[in-house]
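The values are calculated or read from the model by the stated rules, or taken from the named source; none is laboratory data. In this text, all values refer to a predicted model and were calculated from it rather than measured experimentally. Cβ placement follows ideal geometry from the backbone for every residue including glycine, while neighbour counts extend to all protein chains displayed.
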Amino acid sequence: MNVPTPPVTVPQADPGAAYRALKGPIDTAVARVLESGWYILGRECAAFEEAFARWQGAARAIGVANGTDALALILRGLGIGPGAAVATVSHTAVATVAAVEMVGATPILLDIDPATYTMDPAELDAVLRDPPGGLPPIRAVIPVHLYGQPAAIEAILATAARHGAAVIEDCAQCHGAMVANRKAGTLGIAAAFSLYPTKNLGALGDGGVIATDDAALADGIAALRQYGWRERYVSDLAGVNSRLDEVQAAILAVKLAHLDAANARRAVIADRYDAALAGTGIAPPARRPGATHVFHQYVLRCPDRASVQAQFRARGIGTNVHYPMPVHAQPAYRGRITLGPAACRATERAAAEVLSLPMYPELTDAQVEAVCTAIRALAG
Ligand SMILES: Cc1ncc(COP(=O)(O)O)c(C=O)c1O
C-alpha cells in the first residue's frame, strides 16, 4: 500500500520567504533601478560595493556575476593559471574546483577535518612540503569556510606563507562569520562571496562579490570583470564579462542592512536544534573555538541518513544533503584529479552521512518547533 507523504510544511530552504520579508523596500529599490534607465555597472553597484566593503572591513569590494567567477577572477588577478596548482577541498560545491579549472590551473584536493568539514591544515602542510610528483607548483590555497563556519584559517595562512602560496578564502557560505576577532574573508589575500539566493546574503538572481585590501589586485579584477577595460573600449587585459547588474545590487544593498540580524536569528534556531538533539545520540554541529558559525547550513551526521530523512519527510519537514558526492568522485572529475595523501577518506565518509536541516532566518517559531519535535522523535 502506498502511504501518502504529507505536504512539506517546513522546506529546507525558502528564498521566496527572504523576498517576502523585505518585499516593500526591495520592490522600491527595483522600481528605482527600472525607472533610472541604467542597468549595468552604475550607481547601485558602486553603492553596494562600498557598503559591502565597509560591513566586511575590507578596503575594496568588487561586484561580479556569481561566486564561481569571483574565485576565478581572483585567481586571474593573481596571475594563477596554466602551470600552477591550487590546493582546495573536495567536500565543497563543485564551483570551487570548477573555478580553478576555468583559469587553466590544476586542482589538488585535500581532505577535511571530520568535525568541522573544513580543510585539514596538516595535510596542506604535507603537500606543500612534499608535493605529489608531476603536479605544477602549488601557488594558491582555497580554504572553504563551509556551512557558515571558518576553516582553520590561521594554521592554513601560516603554512601557505612558509611556502609562498596565496590564500584565497571561499566565503560563499560564511557571510559574517568571525575568526580571531576579524570577519572571515579578511585574512587571506582576497575573498570570494557567492550571492546566490539561498546564501546568508542572497540576491534574487545570480551575484557575487570579491573583497580585498590589495588595491592593485582590486584594480586588476575590476578591469578583468569587464573585458579588461580600465578605460572604456580599451582592453588592457584579456578580460571577461562578469558584472553584477544594477537590479541585483540594489536588492543586495537592502538585504545587507538586515544581514547581521538574519545571522543572529540563524544562531537562535541553531541553539534550539542543538537543545532538541539532547538524548537522540546525534551530536550537534561542532563549533570551532575562537570563531563564530553563521549557520548557512545546520548539518547533522547520520550513518542511517536515508531513514532519518524519511522520518523528517513523514512529518512534512524538508532536508537536503550538502554534498552527496565529493568533487573528485563526480563523473566529470573522477580519475583525473590529484588528491592529497589522505585520499579524501574523511570527505567520502562525510558525503555519505551529512544531512542539512531547514535553516533560514524567516523560519517561524512554529516551524522551528515542528523541526525540534521531529528531532526529539529520533530518540524514540
Ligand atoms: C562553497 C561555494 N563556493 C562557490 C560557490 C559558487 O557560487 P555561485 O553559485 O554563485 O557561482 C558556491 C555556491 O554555490 C559555494 O557554496
Matching residues in the stretch 132-149 - criterion: being farther than 23 Å from residue 77 by Cβ and either of a type in the set (Phe, Trp, Tyr) or part of a loop (DSSP other than H, G, I, E, B) (or both): 132, 133, 134, 147, 149
Test result for residue 101, away from the ligand (no atom under 12 Å from the Cβ), surrounded by fewer than 19 Cβ atoms within 10 Å (Cβ to Cβ) and under 27 Å from residue 329 (Cβ atoms): yes
Residue within the stretch 239-254 that is in contact with a strand residue (DSSP E or B) (Cβ under 7 Å, 6 or more places away or on another chain), touching a residue at least 24 places away in the same chain (Cβ under 8 Å), within 16 Å of the ligand (Cβ to nearest atom) and more than 24 Å from residue 79 (Cβ to Cβ) present: yes
Checklist (1) touching a Phe, Trp or Tyr at 6+ places or on another chain (Cβ under 8 Å); (2) part of a helix (DSSP H, G or I); (3) more than 28 Å from residue 22 (Cβ to Cβ) applied to residue 217, failing item: (1)
Out of 341, 358, 326, 289, sole residue that is within 25 Å of residue 122 (Cβ to Cβ), in contact with a Ser or Thr (Cβ under 8 Å, 6 or more places away or on another chain) and not aromatic (Phe, Trp, Tyr): 326
Residue list for the stretch 151-171, restricted to those being within 16 Å of the ligand (Cβ to nearest atom) and in a strand (DSSP E or B): 167, 168, 169, 170
Single residue of 192, 253, 275, 180 found to be of a type outside the set (S, T, N, Q) and at pLDDT below 95: 180
Residue within the stretch 77-86 that is within 12 Å of the ligand (Cβ to nearest atom) and more than 20 Å from residue 213 (Cα to Cα) present: no
Residue list for the stretch 303-327, restricted to those being surrounded by fewer than 17 Cβ atoms within 10 Å (Cβ to Cβ) and either at pLDDT below 95 or within 18 Å of residue 115 (Cβ to Cβ) (or both): 303
Residues (hydrophobic (A, V, I, L, M, F, W, C), assigned to a loop (DSSP other than H, G, I, E, B) and either more than 10 Å from the ligand (Cβ to nearest atom) or farther than 23 Å from residue 265 by Cβ (or both)) located in the stretch 189-212: 189, 201, 204
Those residues of the stretch 172-188 which are surrounded by fewer than 23 Cβ atoms within 10 Å (Cβ to Cβ) and within 16 Å of the ligand (Cβ to nearest atom), in sequence order: 176
